[in-house]
1. About the Cα centre of the range 56-139, how large is the charge dipole given +1 on each Lys and Arg Cβ and -1 on each Asp and Glu Cβ? Please answer in debye to the nearest 20.
2. Excluding ligands and nucleic acids, what accessible area in Å² is computed for Ser11 using a 1.4 Å probe, to the nearest 10?
3. Amide H neighbours of Leu24 under 5 Å, counting only residues 5+ apart in sequence or on other chains, H built in-plane at 1.01 Å?
4. Would you pull out the residues with amide H under 5 Å of Thr160's amide H, same chain only if 5 or more places away, H placed 1.01 Å from N?
5. Can you give me the three principal axis dimensions of the range 202-254 from its C-alpha atoms, in Å, biggest first?
6. Do any GluC sites (Glu not before Pro) in the range 140-236 lie in a loop, going by DSSP, with at most 13 other beta-carbon atoms within 10 Å of their beta carbon, and if so which?
7. Sorting Lys206, Lys80, Lys89 by accessible area (1.4 Å probe), largest first, what list results?
8. To one decimal place, what Kirkwood hydrodynamic radius in Å is obtained for the range 122-173 from all pairs of distinct Cα atoms?
Amino acid sequence: MNILLWHVHGSWTTSFVQGKHRYLVPVNAARDEWGRGRARTFDWPASVEEVDPADVRDVDVVVLQRPEELDRVAHLDVPKIYVEHNTPKGDVPNSRHPMADRDDLIVAHVTHFNDLFWDVGGTRTTVIEHGIVEPAARWTGELDRFAVVTNEPVRRNRVTGTDLMPRFAAVAPLDVYGMGVAGLHLDGVTTYDDPPQARMHAEIAKRRAYLHLCRWTSLGLSLIEAMQIGMPVLALATTEAIAAVPDDAGVLATRVDTLVDAAHWLIEEPEQARLLGARARQVALARYGLDRFLADWDRLLEEETCA
């Protein structure tokens, strides 16, 4: 199939374009939010082609990820799938989805939590859980430090749990990776702004444990990546994290003191960290493998195009 989609969520798209199809990604001279083209910090196959969306006609299905994209493909009379990556905002749990009560598309949620919390009215929905390209790095944990992967932690602050970082930095230094992290200035925190994915994986694998401090997110792909690397995880027990991380693969809690105590434990007991991480890797490979993800998407794509 020829699939048109914008480069919006780099990590998710990296998994999506590993399939058997031809992926058409808009590009413009500015390489802005409407034309980023091919990824520069992720490894994408040759089947991803940069296109001028105004000239695209040979399309079998459009994968949408933002409400504004709908107007840009109004001229294409093809099936449309709207991927909802985000938890609802505003009047939770009464948040009305922007694609609510439509009969011309289907909303594909990335977590069952999102499917539960978004009000889509009469619009058809499905859930296709994440699947990722297995990282090449493997956990060693020789550094008595914690790794965090997040985007825009200064602007988003409480959403990303930035306000909680000092409590863990008092246990051991934090290394924070991601987009827009350079403006984060906290004692005991070192930032690495937008590194290439493979290099980031190699670096976080050296840290003792992974911190997932997001209060309100669907399910960070970086959490799954850390688990597949074999890292023990400390996470807030919110949204989909409680389904992704079983008790024997990490420590989850809504009581921050519990996570801080667990942080001390993992720094002091590297063998326990290894055991948690080994289980985390086993769980994440089984539930969030790339083959299952692509098979789920192929089924949906075929159903929609045949319909």
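The values are calculated or read from the model by the stated rules, or taken from the named source; none is laboratory data. Remember, predicted model here, so these are calculated numbers, not experimental data. Because the Cβ atoms are built from the backbone with ideal geometry, glycine has one as well, and the counts that use them run over all protein chains shown. Each accessible area value is taken on the protein alone, full model and side chains, heavy atoms only, with ligands, DNA and RNA left out. Shrake-Rupley method; radii C 1.70, N 1.55, O 1.52, S 1.80 Å.
1. Details: 9 positive and 15 negative charges, 44 e Å.
Roughly 220 debye, rounded to the nearest 20.
2. 40
3. Ile3, Leu4, Leu5, Glu49
4. Correct list: Arg215.
5. The principal-axis extents, from largest down, are 27, 20, 15 Å.
6. Working: sites: Glu142, Glu203, Glu225; in loops: Glu142.
Filter output for the range 140-236: Glu142.
7. On the way: Lys206 70, Lys80 25, Lys89 140 Å².
Order by accessible area, largest first: Lys89, Lys206, Lys80.
8. Details: mean 1/r = 0.0677 Å⁻¹.
Hydrodynamic radius (Kirkwood, Cα only) of the range 122-173 equals 14.8 Å.
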